[in-house]
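Below: one structure, written as structure tokens.
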Amino acid sequence: MYSVEQNRRSDYTFLGLFSGAGGLDLGFDKAGFVHTQSSDILPYAVNTMKKNRPEWEVLNCDVRDYTPDFREGLDVLLAGFPCQGFSLGGNRDANDERNQLYKQVVRIAHIMQPRVVVMENVLNLRTMVHPVTHKPFATQIAEEMAEIGYTTKFQFFRVSHYGVPQTRRRFIFVAYKGDSLANYSFPLPHKETGIHDFIYELGQDLSIKLPNHDPQWGFDSYVHKETHEAFDPQEIAIPVRFSRTASEGTPIRTFDAPFPAVDTATVWGWAQGHVEATRIDKERDDALFVRNPESTARLWRVSASRLRSFTAREYARLQTFPDDWVFYGNNKREVQLQIGNAVPVVFAKRIAESVREALEIKDGKKKKNSESFQMELF
């Protein structure tokens, strides 16, 4: 069973906005913060959080209609506001109405006056400009937080340096009242995290019983081929990418390195027995499923004795959700969206630990270690 260590409980509280399936909230919980309330607009994500933490108050609502009941003495407000309008995997439209939802974070922070506000999003906030002010969204958000009395620090992170086995990059804002945490520093990166300790066992042993995990060989694909050729059953099953076949990177992955970003679209799986990946010139005139007939990209084709796609649990492991965090949905797509859109739990915990230490130093509960949370830029 994969688990995430629980830190000693503190007296510091947190409240979550745009909580989704709970990655950011769970990270702060594991760092010892006390939950007060969470909310999300997706009913199946709210159901996931409620069933995993029945003692938590989790509301299904539109943040634009939400005013928290818990208003006094809040320590940390969390907000992983929607990234689809900013993301490279989305439409990157500065006028996408979802891009304005950060204003709800500012509104609620103004009402509640938490000591710290932590916001999470994608890297494009550095460069995409606000359609009215023409400032980068990151700058615009920091300025609007300043208008309500908060100083904002922001930085981007490659999460594979923070205990997560993928190269996903995230953008984090930490805002605090005035200069109350002026010495706050983001956590130091560690060496990169490979995927071996997270999914190797699941690829080799299909008898392992876990929630959201029903592995079955037999990947039905127009593109990739199960040859059914005899093979040594001791041969290691290896992870492969089934989608994005025009990618320059090989679809056959090593266990020692992190994955590329786990998202809601890329399809990953396992291959065993005589595994090969070759590139072909796509015949685009009469072939099926041609998205761009003008493209000249060569496409990857994977073949092996047998193939299977990742289970939801394997994706969840790559997002560092503990095995006892169960995902609920009406179909596979709803589960996949919850996992792919989540903040990796271990990364969220690292951010939470840095915030907790800053609060404890400020409150005289801990002495400052000058090297604890210096930031190494990439």
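Annotations
- Taking (1) exposed (fewer than 14 other Cβ atoms within 10 Å of the Cβ); (2) out of contact with any Ser or Thr (no Cβ under 8 Å at 6 or more places or on another chain); (3) of a type outside the set (S, T, N, Q) in turn, Met128 satisfies each apart from (1).
- Qualifying residue in the stretch 232-246 (condition: modelled with pLDDT of 90 or more, on the phi > 0 side of the Ramachandran plot and part of a loop (DSSP other than H, G, I, E, B)): no
- Note on the stretch 146-160: among residues that are hydrophobic (A, V, I, L, M, F, W, C) and out of contact with any His (no Cβ under 6 Å at 6 or more places or on another chain), the one that is surrounded by the most Cβ atoms within 10 Å (Cβ to Cβ) is Val159.
- Matching residues, the stretch 261-276, being loosely packed, with under 14 Cβ neighbours inside 10 Å and among the hydrophobic types (A, V, I, L, M, F, W, C): Ala265
- In the stretch 26-45, the residues that are surrounded by 20 or more Cβ atoms within 10 Å (Cβ to Cβ) and either of a type in the set (Gly, Ala, Ser) or under 17 Å from the mean Cα position of the chain (by Cα) (or both): Leu26, Gly27, Phe28, Asp29, Lys30, Ala31, Ser38, Ser39, Asp40, Ala45
- Residue in the stretch 105-116 that is at pLDDT below 90 and either more than 21 Å from Pro344 (Cβ to Cβ) or surrounded by fewer than 21 Cβ atoms within 10 Å (Cβ to Cβ) (or both) present: no
- Residue count for the stretch 248-276, restricted to those that are under 26 Å from Glu334 (Cα atoms) and part of a loop (DSSP other than H, G, I, E, B): 10.
- Taken over the stretch 222-260, residues that are buried (at least 19 other Cβ atoms within 10 Å of the Cβ), within 18 Å of Ile195 (Cβ to Cβ) and polar (S, T, N, Q) amount to 0.
- Only listed residue being outside any loop (DSSP other than H, G, I, E, B) and either modelled with pLDDT under 90 or surrounded by fewer than 19 Cβ atoms within 10 Å (Cβ to Cβ) (or both), chosen from Arg317, Arg291, Arg279, Arg356: Arg279
- Taking the listed residues Lys225, Lys209, Lys282, Lys191, the one that is basic (Lys, Arg) and within 30 Å of Ser354 (Cβ to Cβ) is Lys191, with no other qualifying.
Each row is one residue, and each column tells you yes or no for (1) among the β-branched types (Val, Ile, Thr); (2) at pLDDT below 95.
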residue	(1), (2)
Pro43	no, no
Glu55	no, no
Thr67	yes, yes
Arg71	no, yes
Leu74	no, no
Ala94	no, yes
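- Residue count for the stretch 47-82, restricted to those that are among the small types (Gly, Ala, Ser) and surrounded by 18 or more Cβ atoms within 10 Å (Cβ to Cβ): 2
The values are calculated or read from the model by the stated rules, or taken from the named source; none is laboratory data. These figures come from a predicted structure and were not determined experimentally. We place every Cβ from the backbone using ideal geometry, glycine too, and count neighbours over all the protein chains shown.
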